[in-house]
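> Quick one: the structure is below, questions incoming.
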Amino acid sequence: MSIDMPAVVLAREEVLPGIVRITMEAGDEFLEEAAPGRFIQVEAPGGIFPVLRRPFTLHRVEDGAFSILFRVKGRGTRKISEVSSGDTLRVLGPLGRGYRLAGGRWLLVGGGLGAAGFPFLAARIESGTALLGASSSDDLPDAGVADTRVATEDGSVGIRGLVTDLLPDVDWHEYSNVALCGPVAMMKAVIKAVPPGIRERIQVSTEARMGCGWGACECCSIPAAAGGYFKCCTAGPVVPAGDIDWSRWEETD
Amino acid sequence: MKKVTWSLWGRKFDSPLMLASGTAGFGLELMKMGMLDGVAAVVSKATTLAPRDGNPPPRIVETGFGILNSVGLANPGVEYVVDEILPMAAGLPVPLLVNVAGEAREEFAAVVERLETSPVPMAYEVNVSCPNVAEGGKAFGASPEVVESVSRLVAGVSSRPFSVKLTPNEGDITESASAAEEGGAGAVTVSNTFLGMKLDWRTGRPALLRKVGGYSSPALLPLTVARVHLVSEAVNIPVLASGGVSGPEDVLELLAAGAAMVQVGTWLMRRPGAGSELMKGILDLISPGAE
Ligand SMILES: Cc1cc2nc3c(=O)[nH]c(=O)nc-3n(C[C@H](O)[C@H](O)[C@H](O)COP(=O)(O)O)c2cc1C
């Protein structure tokens, strides 16, 4: 059961340049349904355009509140980012399928704001390591994991390079689960570098341009390994890496 | 206070609202979400004879004042619809119209023939806005002669009423409406998405892979009001309005223009609870103070 409700904004912070975190009050029903990897659809306030809502992964859920973390990119995200504490945003969710929360140690691999959902995931798993890639310290979100290793393209923090450059130092025997989220090309490169045995346990948090967000409009299609497409919003957003046809996805990305 | 009702094909409804094809699936998700209150009927997504994967993404882009979609009639095909989906749709609290599409005149009738084996649909909606691939690729709706022939073929195999969903893009919509009536249609749906395109002027790159797509928006309202008005003067069958609803007054305006029922599409994608929200607004407007 997902709900469409006005959520009171508790805090609005620009945590990094152009990257905003909005924390909203959550009702009991929302908290019960909230799970790492699930998402919400938020209406841009002030008028009816843009008409479609914007999807956001749950960034943190704690103390009767939930938050989203996003980069201000276009009209929709700008309008949503301009709220202040006390305002309300119309929120539908939680929607979609989240991570399968298997036991054991997790490796969280994120590119850019792909890591936005990691703090909530980190709070619900036993233990883990985060590997984050970003262009610079200016677009590196907090993964909520004590053991976080970083690669930046400009070397402003961590090693200079890509997130894949962090993989050779991973002791794969330590991990039984991998969470992966980021640009398609980055995710493809990461999967290639993960040894068989654990590669089958990679869960990908997918993203697609979304229409309704609840399974009706067939707009958020992602190429499926089995042929055809699956719906990001209801089959995902989190799916096993093996469910995706990566070459077709990269072509249309 | 007297209860207000709306009627179609001899059935009475306590709402004039239908959910537009392609924006509500088969109503199953909304049923699970508990959001079908205020809805008179659901129109399913397009169903074709063979399964269709649909177009490669992106399938939707936002424009300044609306959206462009390029779903490409993605659907699992009529066999799957009849065997797997309609049995679940039997549990819907409201009637279902199955929207039918095809690439050749005969395909519409073949799909309807298969749908006739299911007890679930209340009626059909025949989408003649799609391209007539077998005869050159213009929309079926572009030619009154083709609209009449498709209607006649469907009427020949259907025990249920059907509405012909006309295109605003090609041909004269009043002539097409009369042709549908002549061919045996029980209603016409007026109308569908408008052909639209968005591109980046710097690079010339279109936003959709197929370049053009279907444009819909609350801004379509006056275009639909005009077409509903013109068509309802030209035919004696009910007109189902589709295009541009984003508030209760829009629904009342389309009814005043001659529509028997009004469909909600794009707005439903924003507001899955549009049925009860709009209905509350409508009742407040037509019988203020009543509860
Ligand atoms: C994502 C999307 C998918 C649609 N798919 C169909 C379809 O399969 N068959 C059809 O007849 N119309 C389809 N339509 C058209 C709608 O049913 C409706 O006629 C149109 O969007 C105009 O109404 P609106 O302004 O309320 O959206 C689709 C529209 C959208 C936005």
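The values are calculated or read from the model by the stated rules, or taken from the named source; none is laboratory data. All figures in this text were calculated on a predicted structure; none of them were measured in a lab. Neighbour counts run over all protein chains shown; Cβ positions are idealised from the backbone, glycine included. Ligands, DNA and RNA are stripped out before the accessible areas are found, and what is left, the full protein with its side chains, is counted by its heavy atoms. Shrake-Rupley method; radii C 1.70, N 1.55, O 1.52, S 1.80 Å.
> Hey, among B:GLY91, B:GLY34, B:GLY72, which residue is out of contact with any Ser or Thr (no Cβ under 9 Å at 6 or more places or on another chain) and free of Cβ contacts under 8 Å to residues at least 12 places away in the same chain?
Going through B:GLY91, B:GLY34, B:GLY72 in turn, the sole match is B:GLY34.
> In the range B:42-65, which residue that is crowded, with 23+ Cβ neighbours inside 10 Å and small (Gly, Ala, Ser) is farthest from the ligand (Cβ to nearest atom)?
The extreme case among them is B:SER44.
Residue by residue, here is whether (1) at pLDDT below 95; (2) small (Gly, Ala, Ser) holds:
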position: B:LEU86; (1), (2): no, no
position: B:ALA90; (1), (2): no, yes
position: B:PRO121; (1), (2): no, no
position: B:VAL133; (1), (2): yes, no
position: B:GLY141; (1), (2): yes, yes
position: B:VAL146; (1), (2): no, no
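> If you take just the strands (runs of 3 or more DSSP E) that sit entirely in the range A:70-135, which of them hold at least 3 residues that are under 13 Å from the mean Cα position of the chain (by Cα) and under 30 Å from A:ARG201 (Cβ atoms)?
Ranges flagged: A:105-111.
> Which residue out of B:THR174, B:THR189 is within 27 Å of B:GLY10 (Cβ to Cβ), more than 16 Å from the ligand (Cβ to nearest atom) and modelled with pLDDT of 95 or more?
That would be B:THR174, the only listed residue that is within 27 Å of B:GLY10 (Cβ to Cβ), more than 16 Å from the ligand (Cβ to nearest atom) and modelled with pLDDT of 95 or more.
> Related question: Within the range B:150-179, count every residue that is assigned to a loop (DSSP other than H, G, I, E, B) and among the β-branched types (Val, Ile, Thr).
Final tally of qualifying residues: 1.
Yes or no, residue by residue, for (1) open to solvent by 10 Å² or more (accessible area, probe 1.4 Å); (2) more than 13 Å from chain B (Cβ to nearest Cβ):
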site	(1), (2)
A:GLY215	no, no
A:ALA226	yes, no
A:THR234	yes, no
A:PRO240	yes, yes
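> Hey, another quick one. Would you please name the residue that is farthest from B:SER129 (Cα to Cα), looking only at residues in the range B:240-263 that are within 7 Å of the ligand (Cβ to nearest atom) and away from chain A (no Cβ under 12 Å)?
So, considering only residues that are within 7 Å of the ligand (Cβ to nearest atom) and away from chain A (no Cβ under 12 Å), the one farthest from B:SER129 (Cα to Cα) is B:GLN263.
> Right, next: In the range B:37-56, how many are facing another protein chain (nearest Cβ under 7 Å) and free of Cβ contacts under 8 Å to residues at least 40 places away in the same chain?
The total comes to 2.
> Tell me, which residue of the range B:192-204 that is out of contact with any Ser or Thr (no Cβ under 6 Å at 6 or more places or on another chain), away from chain A (no Cβ under 14 Å) and farther than 12 Å from B:THR63 by Cβ is nearest to the ligand (Cβ to nearest atom)?
B:LEU195
> If you don't mind, another one. For the range A:1-47, give me each residue that is touching a helix residue (DSSP H, G or I) at 6+ places or on another chain (Cβ under 6 Å), open to solvent by 50 Å² or more (accessible area, probe 1.4 Å) and within 12 Å of another protein chain (Cβ to nearest Cβ).
Of everything in the range A:1-47, nothing turns out to be touching a helix residue (DSSP H, G or I) at 6+ places or on another chain (Cβ under 6 Å), open to solvent by 50 Å² or more (accessible area, probe 1.4 Å) and within 12 Å of another protein chain (Cβ to nearest Cβ).
> Go through the range B:251-265 and report how many residues are assigned to a helix (DSSP H, G or I) and either open to solvent by less than 10 Å² (accessible area, probe 1.4 Å) or without any contact (Cβ under 8 Å) to a residue 40 or more places away in the chain (or both).
5
> Quick test for you: out of A:ASP165, A:ASP154, A:ASP138, pick the one residue that is in a loop (DSSP other than H, G, I, E, B) and either free of Cβ contacts under 8 Å to residues at least 40 places away in the same chain or among the acidic types (Asp, Glu) (or both).
A:ASP154
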